[in-house]
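Scroll down for the structure; my scribbles are underneath it.
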Amino acid sequence: MRTLIPRWLITAYMPSRRWVFLREQPHGYLVFETPGGVTEDLAASKRAQQLVNSADALLIVSQDDVFLRRKTLPAASANHVQQVMRLQIPVETPFDMAEVASDTLVDSSSGPGNTIQVQQAIIRQDLIDTHRSALAQHGVSLARVDIASPDGTPMGFNLLDSALRTRMDATWPQLNRILTLVALGLVLAILALGWVNRERQVEALQTRISGAEAEARHVLELQARLRREIGIRKTIANRMSGPTQFPQLYASLTEAIPDDTWIEALTFDEQTLSLIGLSRSSGTILQTLEDTPGILSARFSSPVVSDARLGADRFRIEIMLEQPVSLSRPAEDNG
């Protein structure tokens, strides 16, 4: 699972601290990157100044400057053990709690039974203050005070004042967390802005598509209307070469009108013909009439009224003819 988490996020919440070590000497302090490594004089070496400015400073004091004691206690939490050991300082040691700084380590190997082995280190507070003041003259702020083990490595204590230790240990992790949250916030803001812009682009594209579709429908309607008008004009032009004879038109109407339709009155005026009558198929009679040769269009000129007594619909139809109607018969060619 840890391999799936970005390294920068792990560093922000579980920072890997870099330490530089200091040890007192008769005329100042020595600085080194690793215990037992090459040492530099803090006052005389620029590299030593660079080291202490680029990492957390850890002062290693001699065991001669501290009071170490071991105890076996019942198993308990680390905080509880720390409190118990500190409360026993004025009782079991020649020091007052206000005069010293202390820290407690629990040995990894447990004691007999349900007990633990505890080691406590006690140092005079004025000694730590002296070191802090001397190092402050070189611009060094201590992050930790530990004790040298026989091989020169730190034992794992932190004898620095708890209030100062809390600020030193928490400043950078807290800052890293803040920067991490700010970075995540910026990423989310960029993603949200990109999403908003994308939504706006989609809406603009949909608006353009809708406008294009409406324009295309309008063009198609105009084309269809133009085709109908062209067809009507061609029909009229083709059939106006000579007038329509009324007997021919009457014969066509007689053939077209269904058997369940009766004509009561017929009037005409040039290209307009009016029919009044009854029909049991009034729903299809207009289409039947418009399919008749010589008729341009047909429409009901008044509402259709149902006659329940006859079981038919009374209608009045107005017919537009393709050509004017003539009552005379065409002249016969006698050769």
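For the range 80-95, take each phi angle, set θ = phi - 60°, evaluate the Karplus expression 6.51 cos²θ - 1.76 cosθ + 1.60, and give the result in whole Hz per residue in order, putting x for glycine and proline.
In residue order, the calculated couplings are 5, 4, 4, 5, 4, 5, 5, 5, 7, 4, x, 8, 10, 10, x, 10 Hz.
How much length would be gained if the chain were fully extended between residue 198 and residue 127, taking 0.36 nm per residue of separation minus their Cα-Cα distance, in nm to one decimal?
Extra length available between residue 198 and residue 127 comes to 19.0 nm.
Report the relative contact order of the range 19-160, percent, no decimals, based on alpha-carbon pairs under 8 angstrom and at least 6 residues apart.
25 percent
Work out from phi, with θ = phi - 60° and the Karplus expression 6.51 cos²θ - 1.76 cosθ + 1.60, the ³J(HN,Hα) of each residue of the range 286-300, listed in order in whole Hz, and give x for Gly and Pro.
Taking θ as phi minus 60°, the curve returns 5, 5, 4, 5, 5, 7, 7, x, x, 9, 7, 7, 9, 8, 6 Hz for the range 286-300.
Test of understanding: what is the full-extension gain from residue 262 to residue 92, defined as 0.36 nm times their sequence separation minus their Cα-Cα distance?
Using 0.36 nm per residue and subtracting the Cα-Cα distance, I get 47.9 nm.
Can you list residues whose amide H is under 5 Å from residue 43's amide H, if they're 5+ apart or on another chain and H is modeled 1.01 Å from N?
Counting only residues 5 or more places away or on other chains, the set is 29.
Along the range 30-40, what does the Karplus equation 6.51 cos²θ - 1.76 cosθ + 1.60 (θ = phi - 60°) give for ³J(HN,Hα), rounded to whole Hz, x for Gly and Pro?
Karplus values, whole Hz, x for Gly and Pro: 9, 10, 8, 7, 9, x, x, x, 5, 9, 10.
Taking the Cα-to-Cβ direction at residue 215 and at residue 302 and moving 7 Å from each Cα, how far apart do the two end points lie in nm?
So the two model labels end up 5.0 nm from each other.
Taking the Cβ of residue 25 as the center, what net charge do the other residues with Cβ under 12 Å away carry, scoring Lys and Arg +1 and Asp and Glu -1?
Combined, the nearby Lys, Arg, Asp and Glu give -2.
Give me the net charge for the shell around residue 60: Cβ to Cβ below 11 angstrom, other residues only, Lys and Arg +1, Asp and Glu -1.
In short, -1.
Using amide H atoms built 1.01 Å from N in the peptide plane, name the residues 5+ places from residue 100, or on other chains, whose amide H lies under 5 Å from its own.
125
Values quoted throughout were computed directly from the atomic coordinates according to the rules given, and no laboratory measurement underlies them. Predicted model only: the values in this text are computed from it and were never measured. Reconstructed Cβ throughout: ideal geometry from the backbone, glycine too, with neighbour counts over all protein chains shown.
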